[in-house]
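Bear in mind these aren't lab numbers, they're just calculated from the coordinates by the rules spelled out. None of the values given here were measured: they were computed from a predicted structure. Methodologically, a virtual Cβ is constructed for each residue, glycine included, from the backbone with ideal geometry; neighbour enumeration extends over all protein chains shown.
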Amino acid sequence: MNEFSNTVCEKIRYYVYILKDPRTSNTFYIGKGLGNRVFQHVAGALVSPQINDKLNLIRDIHDSGNKVEHYILRHDLTETQALEIESACIDLLGLENLTNTVKGHNTWERGLKSIAEINQLYDAKIITISEPTIIITVNRYFERFMSPERLYKITRSAWKVANHRRSKVKYAIASYRGIVREIYKIESWNLKADENRWEFTGSIAESEIRDKYINQSLDNYIKKGSQNPIKYTF
């Protein structure tokens, strides 16, 4: 079967579906659908020249003489319910085990989180920083469970920092989603060649400073929708 009848399409409403590789029984794609959406991946893969992990795997299954297995995980849903279930399933299996290219709906707000992340989200205290500090938002480069070395690397370089500010700042905060992820004591600034941008050299701040601010909220300094990655506390 490669399509539902009109009657089925009308009655199942929104649904969440999975695609499986029959050779391994592994689920390789999770999606939200309406009508005949569940069948469109295979149909598209066999006629489209586009290349990606999902389409390549579908073609490989087809070329081996097998057929992709289609399953409806939940049906008779509202669109909102389907989005939530799809997102939860992607979180559970992990993007690294799927050919989905993006995480599910509202992943940051309600998706998979560690206990520490739940505490950060709901119990972070809004802080007022008394030391001259530069807050650097690293949303674009941040990855969950990244190493301390990687976090330092994406925080330190490379930024447009005004001369009169640079000479005063003592600490740098790595901010992700408005939460203090780490704070560094700045030792020096270096101009990046041909970039007109600066990077700092430093180390994790002393414990009395770090303990005051780590995992706390920067709502006093970072407003939602702000595009500037740099904020100062002085």
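Data overview
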{"quantity": "Residue (of Asn215, Ile127, Ala205) at the positive-pole extreme of the range 116-232, dipole from beta-carbon charges", "calculated": "Ile127"}
{"quantity": "Evaluated over the chain, the Cα radius of gyration and Dmax, each in Å", "calculated": "23.7, 71"}
{"quantity": "The chain: calculated mean residue ellipticity at 222 nm from DSSP helix runs of at least 4, using -39500 (n - 2.57)", "calculated": "-9000 deg cm²/dmol"}
{"quantity": "Cα gyration tensor, the range 6-110 - rounded (a/c under 1.5), prolate or oblate", "calculated": "oblate"}
{"quantity": "At 1.306 mPa s and 10 °C, Stokes D of the range 116-232 from Kirkwood alpha-carbon radius, µm² per second", "calculated": "110 µm²/s"}
{"quantity": "Candidate lysines - alpha carbon under 29 Å from Lys11, same-chain residues fewer than 8 apart omitted", "calculated": "Lys20, Lys32, Lys54, Lys67, Lys103"}
{"quantity": "13 Å Cα cut-off, lysine pairs counted over the range 116-232 (separation 8 or more, or different chains)", "calculated": "6"}
